[in-house]
Amino acid sequence: MSVSVDTKPRARDLAFGWRIVDVLIAVRSKFAPVLHGPWVPYAMLIPALALVGLLVYGLGNLAWQSFHSFDAFRAQEGAASLDQYRRIYTGSLSNHIFDTIGRTVGLSLAAVITNVTLAVPLAYFIVRMRSNAWRLVTLVLLLVPFLIGDVVRAFGWYILLGRHGALTWFLGQFGVEDVRVLGTLWAIWLGMIQVGLPIAVLVLLPAMRRIDPDLERAAATLGASRWKTWTRIVIPLARPGLASAAVIVWVLSMTEFAMPQVLGLGRLPFVANELDTMFFFQSNSYVGSALAMTLLVIVFAGLLLLTRFGFGRARR
Amino acid sequence: MGRVVRGFAIGSLVYLCLPTSIVLISSLGGKGTLDFPPDTISLSAYGDLLGNSDMRSGLFRSVLLGLMCVAFAAIPGVLAALALFRHRVRFQPLLSGILTLGLATPLVVSGMAFLLVYTRLGAIGELWPIAIAITAVNFPILLYAVASSISNLNPELEDAAATLGAEEVQRFLFVTFPAILPGILTGLIMMFVFGMGEFLITMILSTVDNQTLPVVMFGSLRGAVSGTLAAGGGIYIVISLVVIFLVSRLRSIEEILSRPEQG
């Protein structure tokens, strides 16, 4: 263990390193009774809990605000009430809010179904691939879109689908002109596949890897068709992975902000975009809190449903 | 493998790479506008990006933010993973549930939650509170990376070291720690990438004066889209490639997100 950077003989370096270890051992044996208390692991959790505690505290703040009235004119918090929820569910805003929530939930469910359906063959393809070099290439192709971040992804689709973009150019080669995809739900859906598919595959991989290929061979020997092997062996065995993939895609899709803003051209807001508007453009964090709590409840409810009842328990 | 399965798999891979490749191609077009296909090949868009002061300082802040996330996450992450997955703690499922809250809460809600806290504390306008928020939200990624290393740990190695007379300190320093180091490094690299590329929380918590590259890029999407933006995307693509290379040297890529056995 070399500590100093100058060019002293290596033996001196080693001796120095060992002296540090000796000091550590001495310190530890001095404090041994303290360091072996049952509370030690709990103490080790303190920094992490403090970090996440800040988030919990913030969520508590959101919940508090959502259940209090607010005088926007005087910027003063009022008494405990259901005013904020009443405003978003029954006021003049309600139609818009329900549209937004419906759009978010609908497209997120569509994204869950598409992504999990597409992730199964892709994960299977990666796991059963014979060449390790190609597997690495495939994983790179999968991981790059996953790591570049939401804005770059949205930007890629934007210039792909945009007016002078690659799609127009490609369709132009076949004489098809004036195709507008940007600003439609289809564009957002296309973008959301990009967001969820890589992570769905990554979550599925461990479960897929545990499936013994001999089982499929046995099924084939016993005369099962490919389709039957697939529905009776592969998919049931991958089910735990399917459930976690669905959960992650669900959470990610429900909070999607960049795709609706960029690919929907801002005309088709999701809940996240609406929250942005409420908090920053209308500066009303109290109404916003009520919508944020609504989103949180919907996401947790979906999460519970997906984990509790599994995914695809009914045989398809 | 069936032809249908392979067809679907390759089809989705091509689909996934479409926008990434388009961004790369456009960033090499080197012109003001993003017509496809580009007429010329040059790196001038990257030069423009570094010449644009907003973009340049955004890029600098993004890298700084990624490094801050690593710094804030490292010690709490390693300690918590050791406590939860190597020691016996009561309420283990509950505690690990709390620590993974950031992944289950929708990002936008977490962002707004931090906005309320930071407004109250007067911490809006600095970069480090944003890093703390991102660290809290991405914490499970590091936790799972370290935990999967811990669950792959062979307990007999420590016993063997103890039999050979190694002190507890020595066992940890020379046996346990080197064994979980790849997991720690993988987790920290992921914290860096996700911190550097983070958008939603950063956008919520940043002001006009401390925007990171994704926020600057998102803002300029509303105006005329230029090659400089594509160059920004290109930088993220190159960084992702470097990260994948580093992580694949540390451990098999499939392990990155594999969940450890609970308990």
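The values are calculated or read from the model by the stated rules, or taken from the named source; none is laboratory data. The shown structure was predicted, so the numbers you read here are calculated from the model rather than taken from an experiment. FYI the Cβ positions are ideal-geometry reconstructions off the backbone, even for glycines, and counts take in every protein chain you see.
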Condition met for B:I244 (at pLDDT 85 or above, surrounded by fewer than 24 Cβ atoms within 10 Å (Cβ to Cβ), in a helix (DSSP H, G or I) and at the interface with chain A (Cβ under 10 Å from one of its Cβ atoms)): no
Among the residues of the stretch A:90-134, which ones are within 10 Å of chain B (Cβ to nearest Cβ), of a type in the set (A, V, I, L, M, F, W, C) and assigned to a loop (DSSP other than H, G, I, E, B)? A:M129
Test A:R128 against the criterion of being closer than 30 Å to A:V234 by Cα and over 22 Å from the mean Cα position of the chain (by Cα), and give yes or no. yes
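Conditions tested, residue by residue: (1) modelled with pLDDT of 85 or more; (2) of a type outside the set (G, A, S); (3) crowded, with 21+ Cβ neighbours inside 10 Å; (4) not assigned by TED's automatic domain parsing to the domain that holds A:P198.
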{"site": "A:A238", "(1), (2), (3), (4)": "no, no, yes, no"}
{"site": "A:F257", "(1), (2), (3), (4)": "yes, yes, yes, no"}
{"site": "A:L263", "(1), (2), (3), (4)": "no, yes, yes, no"}
{"site": "A:Q282", "(1), (2), (3), (4)": "no, yes, no, no"}
{"site": "A:T294", "(1), (2), (3), (4)": "yes, yes, no, no"}
Is one or more of the residues making up the stretch B:193-207 surrounded by fewer than 19 Cβ atoms within 10 Å (Cβ to Cβ) and assigned to a helix (DSSP H, G or I)? no
A:D214 meets each of (1) of a type in the set (D, E); (2) more than 10 Å from chain B (Cβ to nearest Cβ); (3) crowded, with 17+ Cβ neighbours inside 10 Å with one exception, condition (3)
Filter the stretch B:94-126 down to the residues that are touching a Ser or Thr at 6+ places or on another chain (Cβ under 8 Å) and outside any helix (DSSP H, G or I) and list them by number. B:P106, B:I124, B:G125
Search result, residues across the stretch A:105-134 that are of a type in the set (S, T, Y) and buried (at least 24 other Cβ atoms within 10 Å of the Cβ): A:S108, A:Y124
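Here is a yes/no grid of residues against (1) touching a Cys at 6+ places or on another chain (Cβ under 9 Å); (2) without any contact (Cβ under 8 Å) to a residue 12 or more places away in the chain:
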{"site": "B:R171", "(1), (2)": "no, no"}
{"site": "B:G195", "(1), (2)": "yes, no"}
{"site": "B:Q211", "(1), (2)": "no, no"}
{"site": "B:V216", "(1), (2)": "no, no"}
{"site": "B:L221", "(1), (2)": "no, yes"}
Scan the stretch A:171-186 and give yes if some residue there is away from chain B (no Cβ under 11 Å) and under 21 Å from the mean Cα position of the chain (by Cα), otherwise no. yes
Consider the stretch B:101-125. How many of its residues are within 9 Å of another protein chain (Cβ to nearest Cβ) and either in contact (Cβ under 8 Å) with a residue 12 or more places away in the chain or among the aromatic types (F, W, Y) (or both)? 11
Could you grab me the full set of residues in the stretch A:302-315 that are at pLDDT 80 or above and more than 12 Å from every other protein chain (Cβ to nearest Cβ)? A:L305
Can you tell me which residue among A:A72, A:A50, A:A63, A:A80 is touching a residue at least 24 places away in the same chain (Cβ under 8 Å) and loosely packed, with under 15 Cβ neighbours inside 10 Å? A:A72
Name the residue that is modelled with the highest pLDDT, counting only residues in the stretch A:40-89 that are of a type in the set (F, W, Y) and either more than 21 Å from A:L295 (Cβ to Cβ) or assigned to a helix (DSSP H, G or I) (or both). A:Y57
Among (1) surrounded by fewer than 23 Cβ atoms within 10 Å (Cβ to Cβ); (2) at the interface with chain B (Cβ under 7 Å from one of its Cβ atoms); (3) not hydroxyl-bearing (S, T, Y), there is one condition A:I159 misses while meeting the rest; what is its number? (1)
